[in-house]
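Report on the structure given below.
The values are calculated or read from the model by the stated rules, or taken from the named source; none is laboratory data. Because the structure is a prediction, the values reported are computed rather than measured. Glycine also receives a Cβ, built like all others from the backbone with ideal geometry; neighbour counts cover every protein chain displayed.
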Amino acid sequence: MVAVGVWGGEVSEHTPGPWRTASYDQGLTWKVETVDGRKAVASYIAGLGKTDEANARLIAAAPDLLAIAKALDAWWSALPPGVHDDLWSRTIDVLAKVEGR
């Protein structure tokens, strides 16, 4: 099954992590970029005041959070049925959301 994006085309893979946050104007606006600084992931995070930096940090952590969710999914799939089903179900839902399924 191919995921379809908001513009009707196929959804591509995300920019590989790790990502970092950067501010180029003393914290008024934030950007999320690859750790080598060569590619912007989210180029303008501003206007929300004190939450801008926290939002940028959350976005920057996305590749790590996705890797953890995938590892948990693999671990849970090996457990007997009924063990942590609700948490596993929520993890699968989040993975589907991230992967466009």
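Only residues in segment 75-101 that are under 14 Å from LEU65 (Cα atoms) count as the first member; pair them with residues that are of a type outside the set (A, V, I, L, M) and in a helix (DSSP H, G or I), Cβ under 8 angstrom, at least 6 apart or cross-chain, and list the lot. If the second residue must be of a type outside the set (A, V, I, L, M) and in a helix (DSSP H, G or I), the pairs left are THR91/ASP73; THR91/TRP76; ILE92/ASP73; LEU95/LYS70; LEU95/ASP73. Return the residue satisfying two criteria in turn: it lies in segment 35-52 and is modelled with pLDDT of 80 or more and surrounded by 15 or more Cβ atoms within 10 Å (Cβ to Cβ), and of such residues it is nearest to SER23 (Cα to Cα). Across segment 35-52, the extreme among qualifying residues is ASP52. Name the residues in segment 64-85 that are at pLDDT below 80 and part of a helix (DSSP H, G or I), would you? Within segment 64-85, ASP85 is the sole residue that qualifies. If the condition is being assigned to a loop (DSSP other than H, G, I, E, B) and exposed (fewer than 11 other Cβ atoms within 10 Å of the Cβ), then segment 86-101 contributes no residue at all.
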